[in-house]
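Take a look at the structure set out below.
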Amino acid sequence: MGAIRKRGKQYAIQYYDAAGRRRWETIGPNFHEAKQILAERMWERRNGKFRLNRQPITMKEFAAKWDVDYVTVQIRLGRMKESSAESCRSRSRLHIVPFFGQMRLDEITLPHVREFMKALLAKELSPKTVLNAMVVLKEMFKHAVQWGYLDANPAQYAERPRAEDQEMQILTPPEIRRLLDAADEPVRTLLLCAVLTGMRRGELLGLRWEDVDLEGHRLFVRRALWRGKFVTPKSRRSRRTIDLTPTLRAALAKLSSRFQGGLVFCSEGGEPIDPDNFAQRDWARVLRRAELRRIRFHDLRHTYASLLIAQGAHPKYIQAQLGHGSIQTTLDRYGHLMPDAHAAEARKLDRLVFGDDGHGSAGTVADAVQRVQKWVQRRQRG
């Protein structure tokens, strides 16, 4: 007999092995996955496939097996992007294997996991880096449980460091004009496209003329450039249609690459632009010329979102243009920049309760909104 129990947000399966000993395995947040694995364990018991004596394996050996049997397979199935796979491998190679290395997998306990986190923090790595390493470690242990190497995930109850999102830097319209005036073509149009579409750097460098509909005033995000290769965008929602402003449409129509028929933004020979070289050379040079503070190229995406918010665009439109997977992502990331929308909703509530001539607490709400607006402006100015 077997059973499925929910522990917090995780599902665990309970069953008895061939020796009559009760076993527990924590599977994860997916109920159907837990149900499937429980059925597999019951089948193994009925058919004599259940192994009580596991073959000893070190963390280093298991990491190599996990790479081949999970990461590589996920890439081939189209369930994991190569960039995500490279991140997993990098965190395993740089952090997990050097620490756990020759330790036997079944001897690793929760205190060892805590020592691992302490060791990473002692290197003065950012909480975000430590968090990313912990995510990969937990995923490894989850599969170790599923594959029969462990009875339980020793990292399941480890406290994860809280990683704050890096504060976004937003350019004002005068700063945008300074930035554009400091750039030469085709970099100027590339930056204009980033500011007026919110496209990611890889998406811009992977844009082809076949993706640009000048007559229809729109462009299509269908691919991205990553390490010299063209890959699918970050997520399913990242494949999207973006509206072109008249200024951007006119600038794109003047680009010389239009007559080469390939990439929109490319080298003089029509070859892809290396993203890292662009960031270190062209982007850094334009910031110096414009005498602007040092910001990330990705902050142009945040600038685009702030411009849409400033003109009162609906959050669903902003979500679609940015390619966010859900409206919640858009609101979590940019909701603090929407005080005007908050004020409008407050006024609607006031009219609903008191009528068109009623005042209620509208003055108080308006004063509060003005204070929020000034606070946001001060933070943006740094």
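The values are calculated or read from the model by the stated rules, or taken from the named source; none is laboratory data. Quick caveat: nothing in here was measured; it's all calculated off a predicted structure. Cβ: placed from backbone, ideal geometry, glycine included. Neighbour counts: every protein chain shown. To get the accessible areas, we keep the full protein, side chains included, count just its heavy atoms, and leave off ligands, DNA and RNA. Shrake-Rupley method; radii C 1.70, N 1.55, O 1.52, S 1.80 Å.
In region 273-303, the residue that is nearest to E167 (Cα to Cα) out of those that are modelled with pLDDT under 90 and either touching a strand residue (DSSP E or B) at 6+ places or on another chain (Cβ under 7 Å) or small (G, A, S) (or both) is A279. Does G202 count as modelled with pLDDT of 90 or more and in a loop (DSSP other than H, G, I, E, B)? Spelling it out, it is not the case that G202 is modelled with pLDDT of 90 or more and in a loop (DSSP other than H, G, I, E, B).
When region 241-264 is filtered for residues that are within 25 Å of N277 (Cα to Cα) and open to solvent by less than 90 Å² (accessible area, probe 1.4 Å), the ones remaining, listed by number, are L248, A251, L252, L255, S256, S257, G261, G262, L263, V264. Take M80 and tell me if it is open to solvent by less than 60 Å² (accessible area, probe 1.4 Å), at pLDDT below 85 and aliphatic (A, V, I, L, M). So M80 fails the test. Of all residue pairs spaced 6 or more apart or on separate chains, those with beta-carbon atoms under 6 Å, a first member in region 117-133 that is within 15 Å of S87 (Cβ to Cβ) and a second member that is outside any helix (DSSP H, G or I) and open to solvent by 20 Å² or more (accessible area, probe 1.4 Å) are K128/A163; V130/P161; L131/R160; L131/P161; L131/A163.
Residues in region 181-198 that are aliphatic (A, V, I, L, M) and farther than 20 Å from Q280 by Cβ: L192, V195, L196.
Sub-7 Å Cβ pairs linking a first residue in region 270-281 that is surrounded by 11 or more Cβ atoms within 10 Å (Cβ to Cβ) to a second residue that is of a type outside the set (A, V, I, L, M, F, W, C) and assigned to a helix (DSSP H, G or I), at least 6 apart or interchain, are P275/R201; P275/G202, ordered by first then second residue. Once region 164-182 is narrowed to residues that are open to solvent by 10 Å² or more (accessible area, probe 1.4 Å) and hydrophobic (A, V, I, L, M, F, W, C), the residue that is nearest to A251 (Cα to Cα) is L180. Scanning region 292-313 for residues that are assigned to a loop (DSSP other than H, G, I, E, B) and in contact with a helix residue (DSSP H, G or I) (Cβ under 9 Å, 6 or more places away or on another chain) yields L292, R293, R294, I295, R296, F297, H298, G312, A313.
Would you say T245 is at pLDDT 90 or above and under 16 Å from I318 (Cα atoms)? Yes, satisfied.
Yes/no per residue for (1) open to solvent by less than 40 Å² (accessible area, probe 1.4 Å); (2) under 15 Å from A158 (Cα atoms):
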position: S92; (1), (2): yes, no
position: P98; (1), (2): no, no
position: Q102; (1), (2): no, no
position: I108; (1), (2): yes, yes
position: V113; (1), (2): yes, yes
position: L120; (1), (2): yes, yes
position: V136; (1), (2): yes, yes
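Which residues, taken from region 314-339, are open to solvent by 10 Å² or more (accessible area, probe 1.4 Å), assigned to a helix (DSSP H, G or I) and of a type outside the set (S, T, Y)? Those that are open to solvent by 10 Å² or more (accessible area, probe 1.4 Å), assigned to a helix (DSSP H, G or I) and of a type outside the set (S, T, Y): P315, K316, A320, I327, Q328, L331, D332, R333, G335, H336, L337, P339. Scanning region 229-240 for residues that are exposed (fewer than 14 other Cβ atoms within 10 Å of the Cβ) and either more than 20 Å from the chain's Cα centre (by Cα) or not in a loop (DSSP other than H, G, I, E, B) (or both) yields K229, R236.
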